[in-house]
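Working notes for the structure below.
What follows draws every value from the coordinates through simple rules; no lab data is involved. Because the structure is predicted, anything quoted here is derived from the model rather than measured. Here Cβ is always computed from backbone atoms with ideal geometry, including for glycine, and neighbour counts include all displayed protein chains.
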Amino acid sequence: MSNTLYVNGKWVSPVEGQTCDVISPADGHLVATVAEATAPDVELAIKAARTAFDSGEFTSWSFEKRSDLVSKIADLMERDLKILAKLESDDTGKRLIEAEYDIADVIACFRHFAEIGKKEHDRVVNVGIEHIDSRVVQEPVGVCTLIGPWNYPLLQVSWKVAPALVAGCTFIVKPAELTPSTAIHLFKLIDEAGVPAGVANLILGKGSSIGDLLTADPRIDLVSFTGSLGIGQRIMSLASKTIKKVALELGGKNPNIIFADADLDAAIDNAVTAGFLHSGQVCSAGTRLVVEKSIHQKVVSEIALRAKEIKVGGPDSTEAETGPLISANHLNKVQEYVDKAVAEGAKLLVGGKKLTEGDFAKGNFFPPTVLDGCNTKMSCVQDESFGPVITVETFETEAEAIAIANDTIYGLSGAVWTKDDAKAKRVSRALRHGTVWVNDYGPYKPQAEWGGFKASGIGRELGEHGLSEFLESKHIWTNNMPAKSGWFAER
Ligand code: NAD
C-alpha cells in the first residue's frame, strides 16, 4: 500500500511515488510494501505540524482533555492488541507471545501518561509579597520529531507519542524503516480517536535519506530519538545550529555483576534471560557478565550449557524460544563482532557461527553465544553487539567489580546479585548507569524514569520526567498593585 503516510489528518501517498518492501527476518517473505517518503513529503509534514502548533488550538486544550484523548487511544489499542501484536511479530520476527507482551507495555505507557497528565501542572511560587502572583506554568515545547528503532518498534515510539500528546505538542513520527507496520496501525487509531489534523504526522522512510531533513529543520523544536550512538551524535550536532532540544536514548553495554554470595540459581537463570532475550537485540541486554572469580567456573559452565539448549526459530515455530536478528546486514555485523573477539583472545564456549542449515538459511539466525576470558580492553567488552552474545569478565574485590562495570562509555543499565544488603546498596549506588537491578534483571515500569548516563543518552523517558521532556517551564509574574520602579531619577 502506498498511501501509508499520514500528513495533516489524511492518509497520503508519497509525492515522488517511492515504496519500500518490509521483509521478514525469519524467512525472507514479503511482509508489506509501504510508502517511502522523500524531501517533499517531509516538507509537507513539517509544515502541517508547525501550522497545527502555531494555530494554538491543540495547545489551548486542557491537560485533562488531552489526557482523555490518550486514554481513548489506549482503549483502541486494547481492542486491537492482537492485530498490533501480529504486525509487530511479522516485522521483527519475534514470537507472537513476546509481541503481545510488548503491546501490553505500550498500552500501559499510554495509560501512565494519561494519568500523570491529569495532575496539577502549575506551581505557585511564594515570593512573600501579597500583591504578587508568581507561578510557573507548563507549556508544550512545540513541534517534535520522534524517531524510533526496530527492536521494540511500537514501544519505543509510544514512549514519545503518548507524552507528546499529553503535553500538547505536535509531531512527526518516523519509525525504523525495517519495522513500520505497527506505527501505521497506531496512526489509524490516532485518526479514529479524533486527534486534530496536523497534530500527529507519520513519515516512513530511510533515516539516511530523510533523517537530516527531519532533525535539522529550524521549524522543529525538539528531536526525541532512540537508536544508535552514531546517529544520536549526528542529531545532537545538527541540533546545535538552532539550539534545538534533544532527548536521546542510545546504546548500552550493560554489566551484570554476580557476587559469590548471590542466590546462584536465580542469578544464572536471569543471566541467560538478560543476554539472550529477543536474541540480545535489547538496549538494556545484560551482555557483560562480571562474575566473582571463585564462582566463575560454576556460573559460566551452567550459562554455556543453558545457552546451548535455547531453541532458535521464527514466529511460526512452536518450539522457538528466541527469534532471528533483524536483517542480514545486522547478522553479518554480529558475526564480525564475535570473530574479532576470538581474534583478540576471547574463548568461545558456545555458539559463535551464524545458523545456515535448513530453514535457518532463509532467515537471519545467530545462536546464543558465550565468550569467556574477556577484559575491559577488548572491543567485544566495549562495543555493543546488539546480538545474543555474552562476554565474561572476572573480579576478586567489590571495588574491582565496580571499576569493571563502570569501564564503558555507556551507562544505560546494570545489575548486581548478592545476598548482602549493604553490599547491594553500595554497589547499586556506585554504578554509573540509569537503571540498576538488585537481584533481578530487566523489569521496568512506565511509572519509573528510563534513560542513560554518559553516552547512553540525554534526558529520560517514562516516569514524570518523560512528560517534562515535552514541556517548557514558563514563569509568569503578575503584579496586582502596579507601581513605579523608582530605580532611575525622574527628571
Ligand atoms: P539506528 O540509529 O540505526 O536507527 C534508529 C532510527 O534512526 C531509525 O528510524 C533510522 O531510520 C533513523 N536514522 C538513521 N539515520 C538517521 C539520521 N541521519 N537522522 C535521523 N534518523 C536517522 O538504530 P537501530 O539500529 O534502529 O537501533 C539499535 C540501536 O538503538 C542500538 O544502539 C540500541 O541500543 C538503541 N536503542 C536504545 C534504546 C534505549 O532505550 N536507550 C532502546 C532501543 C534501542
Among (1) within 16 Å of the ligand (Cβ to nearest atom); (2) without any contact (Cβ under 8 Å) to a residue 24 or more places away in the chain; (3) over 27 Å from Arg306 (Cα atoms), the one test that Val436 misses: (3)
Which listed residue is in a helix (DSSP H, G or I) and out of contact with any helix residue (DSSP H, G or I) (no Cβ under 8 Å at 6 or more places or on another chain), from Ile107, Ile97, Ile83: Ile97
Residues within the range 459-491 that are part of a loop (DSSP other than H, G, I, E, B) and within 30 Å of Val106 (Cβ to Cβ), tallied: 7
Tally of residues being buried (at least 21 other Cβ atoms within 10 Å of the Cβ) and either out of contact with any helix residue (DSSP H, G or I) (no Cβ under 8 Å at 6 or more places or on another chain) or more than 26 Å from Ala343 (Cβ to Cβ) (or both) across the range 385-403: 2
Subset tally (residues that are more than 16 Å from the ligand (Cβ to nearest atom) and touching a residue at least 24 places away in the same chain (Cβ under 8 Å)) for the range 277-298: 9
Failed criterion for Ile303 (all others in (1) buried (at least 21 other Cβ atoms within 10 Å of the Cβ); (2) free of Cβ contacts under 8 Å to residues at least 24 places away in the same chain hold): (2)
Pair list, Cβ < 7 Å and 6+ apart or interchain, from the range 138-165 residues that are on the phi > 0 side of the Ramachandran plot to residues that are part of a helix (DSSP H, G or I): Gly142/Phe53
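Could you say which residue among Val31, Val15 is within 23 Å of Leu331 (Cβ to Cβ) and touching a residue at least 12 places away in the same chain (Cβ under 8 Å)?
Val31
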Looking only at the range 240-261, and only at residues there that are of a type in the set (S, T, N, Q) and closer than 23 Å to Trp450 by Cβ, the one that is farthest from the ligand (Cβ to nearest atom): Asn256
Residue in the range 167-189 that is buried (at least 24 other Cβ atoms within 10 Å of the Cβ), farther than 26 Å from Ser13 by Cα and either more than 17 Å from the chain's Cα centre (by Cα) or within 16 Å of the ligand (Cβ to nearest atom) (or both) present: yes
Filter pass, Ala271 being more than 15 Å from the ligand (Cβ to nearest atom), in contact with a Pro (Cβ under 7 Å, 6 or more places away or on another chain) and not in a loop (DSSP other than H, G, I, E, B): no
Cβ pairs under 7 Å, 6+ apart, first in the range 385-414 and over 23 Å from Gly280 (Cα atoms) and free of Cβ contacts under 8 Å to residues at least 24 places away in the same chain, second among the acidic types (Asp, Glu) and within 16 Å of the ligand (Cβ to nearest atom): none
The range 441-475 - residue that is of a type in the set (S, T, N, Q) and touching a Gly at 6+ places or on another chain (Cβ under 7 Å) and, of those, nearest to the ligand (Cβ to nearest atom): Ser456
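Could you check the range 271-309 and list, in sequence order, the residues that are closer than 24 Å to Val427 by Cα and over 29 Å from the mean Cα position of the chain (by Cα)?
Result: Glu292, Lys293, Ser294, Ile295, His296, Gln297, Lys298, Val299, Val300.
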Qualifying position, being within 15 Å of the ligand (Cβ to nearest atom) and of a type in the set (Ser, Thr, Tyr), among Ser237, Ser301: Ser237
Residues within the range 209-222 that are under 17 Å from the mean Cα position of the chain (by Cα) and within 8 Å of the ligand (Cβ to nearest atom), tallied: 0
